[in-house]
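Working notes for the structure below.
The values are calculated or read from the model by the stated rules, or taken from the named source; none is laboratory data. Keep in mind the model is a prediction, meaning the values are calculated, not measured. Here the Cβ is made from the backbone with ideal geometry for all residues, glycine too, and neighbour counts use every protein chain on show.
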Amino acid sequence: FAVSRLLCAPEYPTFEELQYFLKHGSKHLALRKDEAINHIHWATTRRRDVPSLMALACDHRIQLEDVAAKAGADVARIEDFKVLTVKAAARVAAGRAGYGMLLDERYGRDAMFE
């Protein structure tokens with residue numbers, strides 16, 4: 001059942017999906033194409049509502065490159081700045097839901113692994 005999807009933990013079927021499949025089957029060999037099963041999966045794997053979302057945008061690559069150039073600083077330091085930014089945001093979030101960040105893939109890549 002799971003191999004019809006991506007094999008990641010969130011893609012594994014819920015109990016409700018399995019019950020539906022065992023009772024009704026599917027006309028699709030690739031279960032990911034079965035709209036009814038996909039709807040049950042979607043409906044039974046939604047996270048609770050987050051009443052507010054705090055997002056820190058730190059994906060301003062061009063602007064930070066301009067600042068570095070004007071300051072005569074090495075652009076390689078932008079990566080360090082983004083790591084510090086992620087650490088600070090994580091401290092503020094303190095494991096609570098509703099916090100996130102936008103990072104670019106060029107200078108923010110290392111920060112994503114913090």
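Annotations for the structure displayed:
- Residues within region 63-100 that are small (Gly, Ala, Ser), in contact with a strand residue (DSSP E or B) (Cβ under 9 Å, 6 or more places away or on another chain) and closer than 17 Å to ALA111 by Cα, tallied: 5
- Within region 61-90, residues that are among the acidic types (Asp, Glu) have Cβ atoms under 7 Å from residues that are part of a loop (DSSP other than H, G, I, E, B) in these pairs: GLU65/VAL75; GLU79/TYR107, counting only partners at least 6 apart in sequence or on another chain.
- Matching residues, region 65-114, being out of contact with any Phe, Trp or Tyr (no Cβ under 7 Å at 6 or more places or on another chain), farther than 30 Å from ARG47 by Cα and among the hydrophobic types (A, V, I, L, M, F, W, C): VAL67, ALA68, ALA69, ALA71, ALA73, VAL75, ALA76, PHE81
- Given (1) out of contact with any helix residue (DSSP H, G or I) (no Cβ under 8 Å at 6 or more places or on another chain); (2) more than 24 Å from PHE15 (Cβ to Cβ); (3) in a loop (DSSP other than H, G, I, E, B); (4) not β-branched (Val, Ile, Thr), index of the condition LYS27 fails: (2)
- Restricting region 81-114 to residues that are over 15 Å from LEU64 (Cα atoms) and among the acidic types (Asp, Glu) leaves a set whose member that is modelled with the lowest pLDDT is GLU114.
- Helices (runs of 4 or more DSSP H) wholly inside region 33-114 that include at least 3 residues being of a type in the set (Asp, Glu), in contact with a Cys (Cβ under 8 Å, 6 or more places away or on another chain) and surrounded by fewer than 17 Cβ atoms within 10 Å (Cβ to Cβ): none
- Qualifying residue in region 72-87 (condition: within 26 Å of the chain's Cα centre (by Cα) and under 26 Å from ARG48 (Cα atoms)): yes
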